[in-house]
Structures are given as structure tokens and as C-alpha cells.
Amino acid sequence: MINSITGVMTGKDTEYVYLENGGIEWSVRVSARTAHALPPSGREARIFTYLHHREDQMALYGFSSVEERYLFLDLLRVGGIGPKQALRILSGMSVDEFVTSLDADDVDGLSRVPGLGKKTAQKIILTLRGRLSLPPDEETPAQNAEIVAALVEMGFDRQTGTKAVERAASDVRDEGLRDEEAEKEIFRRAIVSLSSNQ
């Protein structure tokens, strides 16, 4: 699989960017947000990619970040959403905005994306809430990310859950507990903190 392409931008519009690398000019389909984020012609850029195969064609999709690509692939898991619809969603809202709407069960927020109706928004929430495969922040240990994912699955807000876990982890870090004990204690304290704030 082609993970990314680095080259010189030769052109772009709201649906495609064109990138030259080693004498080959790549035509890459992108969201409007990615097209806007990339530099103008003549400048070097890196695009994260996904090669989509169908019986009758192949298409190369590009993303300005790894997180955007993860979300694109997650959206393809939702019944009835193909690559073009997924790009429309990514054009209409950022990854952070999408995650916030998903965690809040915000059907109206998702359905504000042009071409995305309430039924499809509800299907997205049912399919992806608590199941996104976005990578954790580099500053967030994998253990903490797993705890946050468990809290989201229980119905807590991701951002609030992340803060509660970070606070609990900071407190537990100095207590010298073994990894398994520390994880259980962080989870317990985060739930106590979140429950007391509801």
C-alpha cells in the first residue's frame, strides 16, 4: 500500500490535487479541507493516501493528516457510505468536529453536512460511536487511550473523559503501582470524577 506521497504541487481544485514525484504526476482525490490545507503550486507537500480498488477502477484518495485518513476508512464501514460520500463529510467538518458530534449523539450537527440526511447521520452514530480507530495523541499513552475508549463506550464524552483520565493518571503515577493495578486505579478514579460531575 502507498502510505504517502511527497512531491511538488502542480495544481489543485476542490476535488483533486496534482503532485509530481520522480517524473510522475499523481492525480489524487481529496476533501475540500485537504485541498485548502495543502500549499499552492510549486511548493513541496506530503499527502497521506489510500488506494481504493473496485472491479472496474482504482482511485487514489489523499488526506492532509493520518487522522483524516483513519476517519475516512471508518466512514467506509458505515452501510451506504462510499468514498465520495466520505469525502463530502470530511469536506463539511474537521476530524475534531466530527468526533465531538459523534460523542454527543449530535444528529443535527452531522446532518448539517451538505448531502447528509438525518437517517444517514443516525446510522453513522450507531455504527461508529465509541468505535473510531483514530490513533491516540502522541502525548497520550496507549494505556490511557484504551481507558478513554472504554469510557466513551459507557456513554461518557470523549473530551471530558480524556481530561479525567489524564488527571487520574497524573495522581496514580507517583504511587508506584504495577501497570495492571495502575490501569484499574486510573479507570476507577476517572469514573468517580466523571460521575460526580454529572
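Just so you know, all these numbers are worked out from the coordinates, no wet-lab data involved. Computed from a prediction, not measured in an experiment: that's the story for all the values here. Positions of Cβ are generated from backbone atoms using ideal geometry, with glycine treated the same way; all protein chains shown enter the neighbour counts.
Descriptive notes on the structure:
- FRET efficiency estimate (nearest 0.05) - Cβ-Cβ, R54 to K123, R0 22 angstrom: 0.50
- Cα-based shape type of segment 1-87, given that a ≥ b ≥ c are square roots of the gyration tensor eigenvalues and the cut on a/c is 1.5: prolate
- Mean Cβ neighbour count within 10 Å, used as a protection proxy, ranking 77-83, 55-61, 123-129 highest first: 123-129, 77-83, 55-61
- The chain: relative contact order in percent, alpha carbon pairs under 8 Å with at least 6 residues between: 13
- Gyration tensor (alpha-carbon) shape descriptor, segment 142-196, a/c threshold 1.5: prolate
- Length released on extending from D105 to E180, taking residue separation times 0.36 nm less the Cα-Cα span: 23.8 nm
- Distance violations [Cα-Cα > 24 Å] among K123/K184; K119/K163; K84/K163; K118/K163; K84/K123: K123/K184; K119/K163; K84/K163; K118/K163
- Considering only L76, V99, F63, and ranking their Cα positions along the charge dipole of segment 48-99 that arises from unit charges at the beta-carbon of Lys, Arg, Asp and Glu, the one farthest toward the positive end is L76.
- The chain: angle of helix 142-153 to the longest principal axis, Cα-based, in degrees nearest 10: 90
- Shape call, segment 66-128: gyration tensor on alpha carbons, a/c limit 1.5: rounded
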